[in-house]
Every structure is written in C-alpha cells, then in structure tokens.
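Just below is one structure, and these are the notes that go with it.
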C-alpha cells in the first residue's frame, strides 16, 4: 500500500485515496467528499485500477484520429489554429516512490513558459523554456509520493505565440496548481503527446483562451474599467493553542449570563479562531474546551466534521487535558 493508492473500507461502502501513513498501523485517507479520516490498515483494501484496460486506446478513437489528422495537416499548413486548449502538467511515475514532472503542449500554439514552486509565499524558479506545438518536455524536478502532503504549489506562466499574419493575440496564462489526493487519483490517464500513463492536469480552457483587445481605445477602456476587487482584509493569526475556558474569554467574569449564553460566547471564539487559522494558512490548531458536560466539545466536533477546510481532528494532549482538547488539522 502506497500514498496515492485507491482503497475501500472492508466493513463499509466508502472509498478513498491514501494521503499519508500514521502511527499505530493507521493511514489517513481522503474520501470522495474531500474529508480525510484516519483508519486502520487492516480495515481497508487496495482497489486495483486495471490500468491496462483503462489506457488501451479504443478502435473508435483510432479511427477518429485517422480522420482528423489529414484535416489538421491541411489547416495548420494554412496557419489556422485548431487547438486552443491543451496545456498540461503531468506527473509520471519513475518508480514506486518518485514521479517526474512533465509539461505538455497539445495546442497549435508555440508557448513561452516559466515553471516555479511556491512554498509559504516563497518563490523558487524551476525552469523557463519554449515549447513547440504538439510537444512535451520532462523537467528536472522529481517529487516523492511519500511526501505528497509537502508538495509545493506549482506556478505556471505561459505566453502564446503563432507566426504569420492574421493571428489574433492571445491573453497570457497564469495558473497555480496544488494537487489534492482524491483529485490526483481521479486524474490518472494517458498523458497527451507523451502517450504514457500519468496524473494529468489541464491548465488552460476555452474560457481562458480570450484574445487581447486590438485597438488602443479598447486597451485603454480595459485598463481603466472598474474591477470587482474587494479591499484587503487583515486577519489576526491565532496562536497554535486556543483556550476556550470562559475565564480566559471573559477575564472580568461571566456576570449574569446564563450557561447557554456562555456556551455561545465560547462557540463564537472557536469559530473566529478557526476561520482566522484557515485564512492565515495555518496547518493545525488546538482548542482547549475542557470536559464539563461535554456540550461544547460535542458542538465543536459537529462543526469540524462538516467544515470543508478541515482534514481531520482528534483528541489532543490527553496526558494533560484528558478529553478536554481537540487538535484540528487543516487543508
């Protein structure tokens, strides 16, 4: 069993993708709704992808290629653009541990490209290159599957070029890609141009294939037209451990507020700190809620189980708080 394998529960119907290995014979899997849960390895089995059948080209597809090929040759000879879309990043297995990064240009444009990594706001250039139409290249960078969660965000910038007269200028492309485990598995297919199995991500689409304005008046209007950008919001980054005890939230005392009102205050503090942690890019945060009647802990766990930006949560610091603290791992 490896990271990226598709698995299913032995005693349930859920399926998911292995995202990392945990202690105690457990693994973390991402199920189809994007939520991540820890399970025992003994409670899951690997689903065979049957790659040979998946990647076998159909007779209909072969006939279609034979029909289109002469049309494409004639059209491209006249300088027409038949394929506006088809810029891909592909992760291709080198062995059972590493994948190599390929850039694929399956369009009729020549591309001027830069590829970089982004980690916590820091930029690291990988390569700049020119990629001819219907070609691909393998970058020097390789990534380890066991460190999938630590992979950086990839930043791709592309400028489209086509020689000859009468070709419309096309808007440059700027695209960021941070693969998720479930998406990574679902995108396994035959890599265009390369014709090998890989995990393929399309970077452009028809919506992004717009042409640049051609007249000075249009360019000026586009530059001066108002945008819908929202003002910058400053987010207070919370501490890694947030104490929700009422004496911490209300140092002057609870006054005459009822137990229900006090729980509401604690929940608002929890929600605010959770959202600020997500907005600040924190990887995890721990909430100390105490034991008490268990109502606060129950409500916190209910909200966490439904939150789209929560990978998983678990009881934390048991040796000190028992079941009085919850550690949350964020996406």
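Keeping to region 95-115, report how many residues are surrounded by fewer than 19 Cβ atoms within 10 Å (Cβ to Cβ) and not in a loop (DSSP other than H, G, I, E, B).
Matching residues across region 95-115 total 6.
What is the one condition in (1) farther than 18 Å from residue 267 by Cα; (2) surrounded by fewer than 16 Cβ atoms within 10 Å (Cβ to Cβ); (3) modelled with pLDDT of 85 or more that residue 303 does not satisfy?
It is condition (1) that residue 303 fails.
Given the conditions (1) in contact (Cβ under 8 Å) with a residue 24 or more places away in the chain; (2) in contact with a helix residue (DSSP H, G or I) (Cβ under 9 Å, 6 or more places away or on another chain); (3) surrounded by 13 or more Cβ atoms within 10 Å (Cβ to Cβ), and given that residue 249 satisfies all but one, which numbered condition is not satisfied?
(1)
Go through region 26-50 and give me each residue that's modelled with pLDDT of 80 or more and more than 24 Å from the chain's Cα centre (by Cα).
40, 41, 42, 43, 44, 45
Go through the residues of region 194-204 one by one and say whether even a single one is in contact (Cβ under 8 Å) with a residue 24 or more places away in the chain, buried (at least 16 other Cβ atoms within 10 Å of the Cβ), in a loop (DSSP other than H, G, I, E, B) and touching a helix residue (DSSP H, G or I) at 6+ places or on another chain (Cβ under 9 Å).
Among the residues of region 194-204, not one is in contact (Cβ under 8 Å) with a residue 24 or more places away in the chain, buried (at least 16 other Cβ atoms within 10 Å of the Cβ), in a loop (DSSP other than H, G, I, E, B) and touching a helix residue (DSSP H, G or I) at 6+ places or on another chain (Cβ under 9 Å), which makes the answer no.
Is it the case that residue 182 is assigned to a strand (DSSP E or B), within 24 Å of residue 21 (Cα to Cα), outside the structural domain of residue 15 (by TED's automatic domain parsing) and in contact (Cβ under 8 Å) with a residue 40 or more places away in the chain?
The answer is no for residue 182.
Has region 253-268 got at least one residue that is in a helix (DSSP H, G or I) and in contact with a strand residue (DSSP E or B) (Cβ under 7 Å, 6 or more places away or on another chain)?
No, every residue in region 253-268 fails to be in a helix (DSSP H, G or I) and in contact with a strand residue (DSSP E or B) (Cβ under 7 Å, 6 or more places away or on another chain).
Please verify whether residue 146 is assigned to a strand (DSSP E or B) and out of contact with any helix residue (DSSP H, G or I) (no Cβ under 9 Å at 6 or more places or on another chain), treating the condition exactly as stated.
no
In this structure, does residue 168 turn out to be touching a strand residue (DSSP E or B) at 6+ places or on another chain (Cβ under 6 Å), surrounded by fewer than 17 Cβ atoms within 10 Å (Cβ to Cβ) and part of a loop (DSSP other than H, G, I, E, B)?
It is true that residue 168 is touching a strand residue (DSSP E or B) at 6+ places or on another chain (Cβ under 6 Å), surrounded by fewer than 17 Cβ atoms within 10 Å (Cβ to Cβ) and part of a loop (DSSP other than H, G, I, E, B).
Conditions (1) modelled with pLDDT under 60; (2) within 31 Å of the chain's Cα centre (by Cα); (3) surrounded by fewer than 10 Cβ atoms within 10 Å (Cβ to Cβ), marked per residue:
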site: 210; (1), (2), (3): yes, yes, no
site: 213; (1), (2), (3): yes, no, no
site: 219; (1), (2), (3): yes, no, no
site: 239; (1), (2), (3): no, yes, no
site: 258; (1), (2), (3): no, no, yes
site: 266; (1), (2), (3): no, no, no
site: 274; (1), (2), (3): no, yes, no
site: 281; (1), (2), (3): no, yes, no
site: 285; (1), (2), (3): no, yes, no
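Within region 221-237, restricting attention to residues that are surrounded by 11 or more Cβ atoms within 10 Å (Cβ to Cβ) and out of contact with any helix residue (DSSP H, G or I) (no Cβ under 6 Å at 6 or more places or on another chain), which residue is modelled with the highest pLDDT?
Looking at the filtered set, the residue picked out is 237.
Among the listed residues 140, 129, which satisfies the condition of being out of contact with any strand residue (DSSP E or B) (no Cβ under 6 Å at 6 or more places or on another chain), surrounded by fewer than 16 Cβ atoms within 10 Å (Cβ to Cβ) and in a strand (DSSP E or B)?
So the residue among 140, 129 that is out of contact with any strand residue (DSSP E or B) (no Cβ under 6 Å at 6 or more places or on another chain), surrounded by fewer than 16 Cβ atoms within 10 Å (Cβ to Cβ) and in a strand (DSSP E or B) is 140.
The values are calculated or read from the model by the stated rules, or taken from the named source; none is laboratory data. Since we're looking at a predicted model, the values are computed, not measured. As a convention, Cβ positions derive from the backbone with ideal geometry for all residues, glycine included, and neighbour counts pool all protein chains shown.
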